[in-house]
Amino acid sequence: MSRNLISEQEVSLLLNDILERYGYDFTEYAPASINRRVNHLYQVDRFPSFAEYRYRIISDPAYALRFVEEITVNVTEMFRDPSFYQALRTQVLPVLATYPFIRVWHAGCSTGEEVYSFAILLKEAKLLHKAVIYATDINAGVLEKGRKGMFRLSQMQQYSRNYMESGGREDFSSYYTANYEYAKFREDLGEKIIFSPHNLVTDGSFNEFQLIICRNVLIYFSKKLQDRVLTLFSDSLEQLGFLALGSKETLNFTSVTGKFKQLENREKIWRKVQL
Amino acid sequence: MTTAPYLIVIGGSAGGLHPILTLLPGLVASLPAAILIVLHRQSHYESVLTDLLSAKSALPVKEASEKEPLLPATIYIAPADYHLLIETDHTFSLDDSEKVNFSRPSIDVTFTSAALAYGSRMTALLLSGANTDGTEGLIDVHDAGGTTAVQDPATADSDYMPRQAILHAPVDIILQPSEMAAFINRMAEV
Ligand SMILES: C[S@@+](CC[C@H](N)C(=O)[O-])C[C@H]1O[C@@H](n2cnc3c(N)ncnc32)[C@H](O)[C@@H]1O
């Protein structure tokens, strides 16, 4: 009955190998989740022993890439937490509308569902034409999917419900065409999105934004790494810019707390009030 | 701040709320353990659930937040739509990866991660439910030296989950809902 699990010490050996050989740094992620993913992959790929798992990672760069892509969590949805999107509509977009040119950064965007959701908001507010959205992730595989703008058709009912709950008034199906198992989102929604690789652990700031959205990424990081990444976000925001986090993430008790003020609602959106 | 030296994880699905409401009023405030409740449910009733359990308990009840240390004599509820993990430094982590056994939070995920963090200093208690979540986690808890307990299927609204566990996992003790508080309180005496 008993399962053959890899210990936390063995997992750190693998993470050090990945850092030294391939330059991806997972050593400051919260261990419990990484542990679980590393063990899961070990079982799925049916390695007879830890030594063979480790050897494969060290000696086979293609497998190492699989390892990197599998130990990070890529789950995402369109209009997840509808009340969050409602808050963007009513409290953030009216401010963005006052700028001649809008720059947004989706950090840890995964396959792009969240980015397309936001593009729909901008479209409906008639702001998309003057916006550019940088959508970044550590994982090249998910970015490739994001560029295609094709999501599973079977999800559309749920997404349409989320969209309406977020205050959407259009017919959601007008934003895509159904194509076998996929919904292909309209070209005009994708035109202003630039998908590109960026590693929050090792890469720096690359622009100044009025809005940064980074949801369900920080939960995977240690407290120390969270602080560092939040400083990166703070440095990449204009004065009075907005920072939006996932529904279980917070800016409270972090290195940048004093610079930000949370919006007056229960959503996880903060405004940078101090340079 | 010292974190809880012991941990009790309670997992329930359909019919799991009833035994929880039965055991909560009986818990003593000197408990050296943190209590963690993983309950399958609709995401809409969040605050209602915390309020409901608070009303039944002398111990503080709160939703677990990520990076928060586990404190003794405190009852934590796994938030809806995330898996709840325990770090070896006795803090919580959240993870929004795929559902396990059609569930997020999954009882298996929390049992297994708690077993790695707490070893023999934990007890897992599996309650009523209509799926197979929890069984694999109980095996890991047992392997790590922890104690495994299951609600008596005869007292469960849905007996499938406790029956599966008894069939496939090493279960140390089978409990009636009325015996659960006393069973947990015994930890206060060690
Ligand atoms: C759970 S998904 C969140 C997707 C989306 N933001 C949402 O909330 O639905 C987390 C994403 O963060 C990415 N990620 C993890 N570590 C990263 C890093 N160091 N730099 C950039 N992205 C990272 C993962 O590849 C994954 O796509």
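Of the residues A:12, A:128, A:59, the one whose Cα sits farthest toward the positive end of the charge dipole of the protein assembly as shown, with +1 on the Cβ of Lys and Arg and -1 on the Cβ of Asp and Glu, is A:128. Charge dipole of chain A (Cα centre as origin; +1 on each Lys and Arg Cβ, -1 on each Asp and Glu Cβ, all else neutral): 520 debye, rounded to the nearest 20. For the pair the range A:14-85 and the range B:148-190, the centres of their Cα atoms are 35 angstrom apart. Charged side chains reduced to their Cβ positions (Lys and Arg at +1, Asp and Glu at -1) give the protein assembly as shown a dipole of some 1060 debye around its Cα centre.
For chain A, build the convex hull from the C-alpha positions and give me its volume per residue in Å³. Don't jump to the answer; show the numbers that get you there.
Values: hull volume 41.2 nm³, N = 275.
Dividing the Cα hull volume of chain A by its residue count gives 150 Å³.
How much accessible surface area, in Å² rounded to 10, belongs to the heavy atoms of residue A:161 with a 1.4 Å probe? Rounded to the nearest 10, that gives 120 Å².
Could you give the longest part of chain A that holds none of the GluC sites (Glu not before Pro) found in DSSP loops with at most 14 neighbouring Cβ atoms within 10 Å? Before the final figure, lay out each step's value.
Numbers: sites that count: A:170, A:181, A:191, A:208, A:264.
Between the exposed loop sites, the longest stretch runs A:1-169.
Largest GNM mean-square fluctuation across A:136, A:76, A:202, computed for chain A with C-alpha springs under 10 Å, falls on A:202. Taking all protein chains together and a 1.4 Å probe, the residues B:18, A:198, B:142 rank B:18, B:142, A:198 from largest to smallest accessible area. A simple spin-label model places pseudo-atoms 7 Å from Cα toward Cβ; at residue B:172 and residue A:66 they are separated by 3.9 nm. Shown for the range B:77-190 is the translational diffusion coefficient from the Stokes-Einstein equation, using the Kirkwood radius over Cα pairs, a temperature of 25 °C and a viscosity of 0.890 mPa s: 171 µm²/s.
Inside 10 Å of the C-beta atoms of B:85-92, what's the mean count of C-beta atoms belonging to other chains?
Working: counts 7, 1, 7, 4, 2, 0, 3, 2.
That average works out to 3.
Relative to the Cα centre, the charge distribution of the range A:125-275, modelled as +1 at Lys and Arg Cβ and -1 at Asp and Glu Cβ, gives a dipole magnitude of about 300 debye. Sparsely packed loop sites in the range A:97-168 (the chymotrypsin sites (Phe, Trp or Tyr not before Pro) outside DSSP H, G, I, E and B with at most 13 other Cβ atoms within 10 Å) comprise A:101.
For the pair the range B:109-137 / the range A:190-234, the C-alpha centres are spaced 34 Å from each other.
Per the 1.4 Å probe, what fraction of the accessible area of the range A:25-109, in percent, lies on carbon and sulfur atoms?
Values: 1910 of 3460 Å².
Solvent-exposed carbon and sulfur of the range A:25-109 make up 55 percent of the total.
After finding the eigenvalues of the alpha carbon gyration tensor for the range A:8-71, what semi-axes result from the square roots of 5 times each, listed largest first in whole Å? Present the calculation step by step, with values, prior to reporting the outcome.
On the way: eigenvalues 47, 41, 22 Å².
For the range A:8-71, the semi-axes come out at 15, 14, 10 Å.
The accessible area of residue A:174, taken with all protein chains in place and a 1.4 Å probe, comes to roughly 60 Å². Legend: Rg and Dmax of chain B, from Cα coordinates, 14.5, 42 Å. Which GluC sites (Glu not before Pro) from the range B:1-98 combine a DSSP loop assignment with at most 15 other Cβ atoms within 10 Å? Loop-located and lightly packed - B:98. Computed from Cα positions, the angle between helix A:50-59 and the longest principal axis of chain A comes to roughly 60 degrees.
When chain A is treated as a GNM with alpha-carbon contacts under 10 Å, the residue of A:262, A:43, A:226 showing the greatest mean-square fluctuation is A:43. With contacts taken as Cα pairs under 8 Å and at least 6 residues apart, chain A reaches a relative contact order of 17 percent.
Both the radius of gyration and Dmax for the protein assembly as shown are 23.1, 68 Å, in that order, over alpha-carbon atoms. For the range B:69-125, chymotrypsin sites (Phe, Trp or Tyr not before Pro) are listed when DSSP marks them as loop and at most 12 other Cβ atoms sit within 10 Å of their Cβ; the list is B:102.
For A:34-40, what's the mean count of beta carbons from other chains sitting within 10 Å of each residue's beta carbon?
On the way: counts 2, 7, 10, 2, 0, 2, 3.
Average per residue, whole number: 4.
Helix A:156-165 and the long axis of chain A differ in direction by around 50°, with both axes built from C-alpha atoms.
The values are calculated or read from the model by the stated rules, or taken from the named source; none is laboratory data. None of these values were measured; they are calculated from a predicted model. Glycine gets a Cβ as well: all are built from the backbone with ideal geometry, and neighbour counts include every protein chain shown. All accessible areas refer to the heavy atoms of the entire protein, side chains included, with ligands and DNA or RNA removed. Shrake-Rupley method; radii C 1.70, N 1.55, O 1.52, S 1.80 Å.
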